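In what follows, a single structure is set out as structure tokens and then discussed.
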Amino acid sequence: MPGRLQGKIAVITGNSTGIGRAISLTFYREGATVVCSDMKEDAPDGSTTHGLITKDGGKAIFIQCDVTKPSEVKNLMNTAVNEFGRIDILVCNAGNSGITREHMPAPIWELDDSVWERTMGVNVHGVFQTLKYGLRYMINQEPAADGKRGRIINLASIVGLVGTRNSSSYVASKHAVAGLTKSVALEVAPYNIHCNAVCPGFVDTALVAGLKENDAAWQLINNLHPLGGIGKAQDIANMILFMASEENTWMTGACVPVDGGYTAQ
Ligand SMILES: NC(=O)c1ccc[n+]([C@@H]2O[C@H](COP(=O)([O-])OP(=O)(O)OC[C@H]3O[C@@H](n4cnc5c(N)ncnc54)[C@H](O)[C@@H]3O)[C@@H](O)[C@H]2O)c1
């Protein structure tokens with residue numbers, strides 16, 4: 001049986017680890033060719049996302065790309081189109097929480113400028129660059145058999161929908177992603193391109209690893225989700241698969257929580 005993304009070309013940013021890797025492996029299993037990109041090619045265990053896909057017989061390449069650098073984003077899109085002819089699916093996944101050992105969550109009056117610059121740089125400027133240069137190809141390509149020129153998915157967050165204490169730069173950056181998603185959806189609708197965002201609750205990846213080191217904070221985070229516990233990368237990939245597939249005929253400009261009930265409270 002053909003996969004739900006059979007023959008589609010997908011470009012994904014920041015997919016060497018975490019949610020990006022789960023999206024990539026899911027897309028591959030559903031028949032897509034995956035253009036992998038990240039600042040770093042491999043995960044901490046030395047594995048690569050494109051390596052896992054090609055070892056299993058799938059089609060994938062890796063292109064080094066820091067999304068904050070316009071020249072590298074342009075090169076990512078150029079190379080993807082030169083290699084595979086088009087971009088059917090674009091996932092703006094690369095993100096940075098701003099949390100490090102030196103910079104744990106803090107109220108705004110204690111927020112270091114470097115944290116603000118890093119979160120805004122990757123999460124807002126990076127998504128802007130990725131959308132801008134990806135869409136320069138997507139709006140000009142021939143529609144696929146289903147009449148669509150493509151589908152875009154941005155990684156926002158529950159904190160792109162509601163506020164939280166002590167993470168104002170990350171919260172502001174993800175609200176910006178939600179805003180970009182809605183504006184871009186309007187701009188690309190006449191081209192038959194969909195643009196949606198997924199808004200995950202806390203998901204167990206390297207992004208929140210710093211919080212795991214504090215037992216009390218980790219327990220608190222687990223208790224924040226009415227369903228209990230914390231999300232898995234695959235939970236997010238499953239929603240993104242729907243948004244990227246031809247089953248998504250009528251959803252655009254939506255920011256959809258996948259959050260164990262967090263934003264229902
Ligand atoms: N984990 C969560 O709880 C959670 C919740 C809501 C939203 N998100 C969002 O999901 C996305 C994926 O996060 P994750 O949890 O998989 O984290 P992660 O840290 O495992 O993965 C992020 C990836 O982005 C890459 N990256 C960072 N800066 C980059 C840059 N400038 N250019 C290119 N690549 C860059 C990293 O190298 C890494 O591979 C992010 O946008 C994040 O904000 C995560």
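The values are calculated or read from the model by the stated rules, or taken from the named source; none is laboratory data. Only a predicted model underlies this, so the values are computations on that prediction, with no experimental measurement involved. Just so you know, the surface numbers come from the protein's heavy atoms only, side chains and all, with ligands and any DNA or RNA stripped out. Shrake-Rupley method; radii C 1.70, N 1.55, O 1.52, S 1.80 Å.
Brief remarks follow.
- Per residue, the stretch 150-265 exposes an accessible area of 45 Å² to a 1.4 Å probe, with every protein chain left in place.
- By a 1.4 Å probe calculation restricted to protein chains, LYS59 has an accessible surface near 120 Å², given to the nearest 10.
- MET251, MET39, MET1, MET77, ranked by accessible area, largest first (probe 1.4 Å): MET1, MET39, MET251, MET77
- Carbon plus sulfur fraction of accessible area for the chain, probe 1.4 Å, in percent: 53
- Comparing PHE242, PHE128, PHE62 in a Gaussian network model of the chain, where Cα atoms under 10 Å apart are tied by springs, the biggest mean-square fluctuation is seen for PHE242.
- Evaluated at q = 0.12, 0.15, 0.16 Å⁻¹, a Debye calculation over the C-alpha positions of the stretch 1-99 (equal weights, vacuum) places log10 I(q)/I(0) at -0.34, -0.53, -0.60.
- Compactness of the chain, taken as the C-alpha radius of gyration over 2.2 N^0.38 Å, stands at 0.96.
- Cα extents of the stretch 115-246 along the three principal axes, largest first (Å): 53, 31, 22
- Solvent-accessible ranking of ARG21, ARG149, ARG136, ARG165, largest area first, probe 1.4 Å: ARG165, ARG136, ARG149, ARG21
- Shown here: the stretch 7-50, whose C-alpha atoms stretch 30, 16, 14 Å along the first, second and third principal axes, sorted largest to smallest.
- Once the convex hull of all Cα atoms in the stretch 43-98 is built, its volume per residue stands at 109 Å³.
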